[in-house]
Amino acid sequence: MLVHNDFPEDLETPVEYFDSWLTPVDRFFVRQHLPRPKVDAATYRLKVHGLVNSPLELSLDDLKKFAQVKVPATLECAGNGRGNFKPKIPGLQWTKGAIGNAEWRGVRVADLLKKAGVKPEAKFGTANGMDVGAGKTPDFIRSVPLRKLLHESTIIALEMNGQPLPELHGFPARLIVPGWDGASWVKWVNDLQLAPESDKGFYFATAYKYPNFSVGPGGAAKPEEMEVLEGMAVVSFFSKPLDQAKVKIGAVPVMGVAFGGEHRITRVEVSADGGAKWVDAKLGAENFQFAWRTFTHEFKASKKGYYTLCCRATDSAGRVQPIEAEWNPSGYLWNAVDRIGITVEG
Ligand SMILES: Nc1nc2c(c(=O)[nH]1)N[C@H]1C(S)=C(S)[C@@H](COP(=O)(O)O)O[C@H]1N2
Ligand SMILES: [Mo]
């Protein structure tokens, strides 16, 4: 893993591990703003309260009694790729690996809310995890609008890739908000409060916002021009070959992953000449709305030399990756066409 911080851990997945549809748990990127909480599964309770008719306080066993659903979904940090923006933007300098795909399993938030009975004035659910503010870093709290919370694929996950959630990824329970930026996926979640308005704390009212117009490189926007991030952009990343690899003349296997946030991936194109000519890559069989799609391609290298390989994804909403990602003050949603260089040796 690429270590950005070792306490609390911020770990990036090297792109070479984007070679399978499911990202192994021990290769999955990790982002945490605060020291990890100590969790006791036996005393753990999830509170569902606020604008509900009957507040709930659920143990892990209580949660397991609800219908368990499986949701394959890709988790991507809004800041993935921040390190590729010019001019440079403060914050974690993720390159390409703050993204991973897993099969999450747990309880539909809609089922919990049905049991609690949501009052008509409720518009948001505000989720808080067991980690608490430390020093100058405030508590990590996020609101999700009711329309997304009630979606059948929005769950409180207890499992990741068939095993209990690892501590680093939110044991014993985390929110899964498919297609939306990682910040909404609150880990170690133990509190869901229904409210007429969204949370006023730093992580919802200030952070994870994007200007409602293109500010240009190094530009700024007023607070009232910033909008809360929801769905992620369309992206793709090469896994193989590695950037600056040396390969032999002949068939060069190319593979990678493509993700469209709330939209399915419908096409991935590959270029071997820096984006002059494009050909369609072959898409992987697994095709789910909120999960990335793998792609493969065979580059027939017939002549020695240096080649610039590019990949470009299109999603079902018709979004296509741009050549250059739109610069924004916090460095979110980097999604430029991916580009690597390889040397074909004679
Ligand atoms: N409680 C809590 N949940 C959290 C965070 C956090 O700091 N605390 N970080 C969020 C952010 S910004 C991201 S990108 C994802 C990362 O999830 P992962 O560590 O499982 O990859 O968790 C989100 N959930
Ligand atoms: Mo994030």
Next on the checklist: Just checking, does region 256-264 include any residue being under 20 Å from T343 (Cα atoms) and more than 20 Å from the chain's Cα centre (by Cα)?
Outcome noted: no
Item to check | Residues located in region 169-190, provided they are within 10 Å of ligand 1 (Cβ to nearest atom) and over 12 Å from T74 (Cβ atoms) | outcome: H169, G170, R174, L175, A183, S184, V186, K187, W188, V189, N190
Checklist entry - Counting only residues that are within 15 Å of ligand 2 (Cβ to nearest atom) and in a loop (DSSP other than H, G, I, E, B), which one in region 169-178 is nearest to A122 (Cα to Cα)? => result V177
Checklist entry - Could we say that K277 is under 27 Å from L22 (Cα atoms), surrounded by fewer than 16 Cβ atoms within 10 Å (Cβ to Cβ) and not hydrophobic (A, V, I, L, M, F, W, C) here? => result no
Checklist outcome for this item: Log entry, pairs with first residue in region 91-119 being more than 20 Å from K240 (Cα to Cα) and assigned to a loop (DSSP other than H, G, I, E, B), second being away from ligand 1 (no atom under 11 Å from the Cβ) and of a type outside the set (G, A, S), beta carbons closer than 6 Å, six or more apart or on different chains, reads G91/R82; L92/H4; G117/V52; G117/N53; K119/L51
Item to check | Total residues in region 256-274, condition surrounded by fewer than 21 Cβ atoms within 10 Å (Cβ to Cβ) and not hydroxyl-bearing (S, T, Y) | outcome: 6
Checklist entry - What residue, among those in region 16-40 that are away from ligand 1 (no atom under 16 Å from the Cβ) and in contact with a strand residue (DSSP E or B) (Cβ under 9 Å, 6 or more places away or on another chain), is farthest from F288 (Cα to Cα)? => result E16
Checklist entry - So is G79 assigned to a loop (DSSP other than H, G, I, E, B) and farther than 30 Å from V52 by Cβ or not? => result yes
Next on the checklist: I'd like to verify a number: residues in region 179-208 that are surrounded by fewer than 18 Cβ atoms within 10 Å (Cβ to Cβ) and within 15 Å of ligand 2 (Cβ to nearest atom), how many?
Outcome noted: 2
Checklist entry - Quick one: in region 1-10, which of the residues that are under 18 Å from P37 (Cβ atoms) and within 16 Å of ligand 2 (Cβ to nearest atom) is surrounded by the fewest Cβ atoms within 10 Å (Cβ to Cβ)? => result N5
Checklist entry - Looking only at residues in region 27-71 that are in contact (Cβ under 8 Å) with a residue 24 or more places away in the chain and either part of a helix (DSSP H, G or I) or on the phi > 0 side of the Ramachandran plot (or both), which one is surrounded by the fewest Cβ atoms within 10 Å (Cβ to Cβ)? => result K64
Next on the checklist: Restricting to region 278-306, name every residue that is among the charged types (D, E, K, R) and outside any loop (DSSP other than H, G, I, E, B).
Outcome noted: D280, K282, R293, E298, K300
Checklist entry - Do we have any residue at all in region 142-161 that's assigned to a loop (DSSP other than H, G, I, E, B), surrounded by fewer than 21 Cβ atoms within 10 Å (Cβ to Cβ) and modelled with pLDDT under 95? => result no
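The values are calculated or read from the model by the stated rules, or taken from the named source; none is laboratory data. Given the structure is predicted, the values throughout are model-derived calculations rather than measurements. We place every Cβ from the backbone using ideal geometry, glycine too, and count neighbours over all the protein chains shown.
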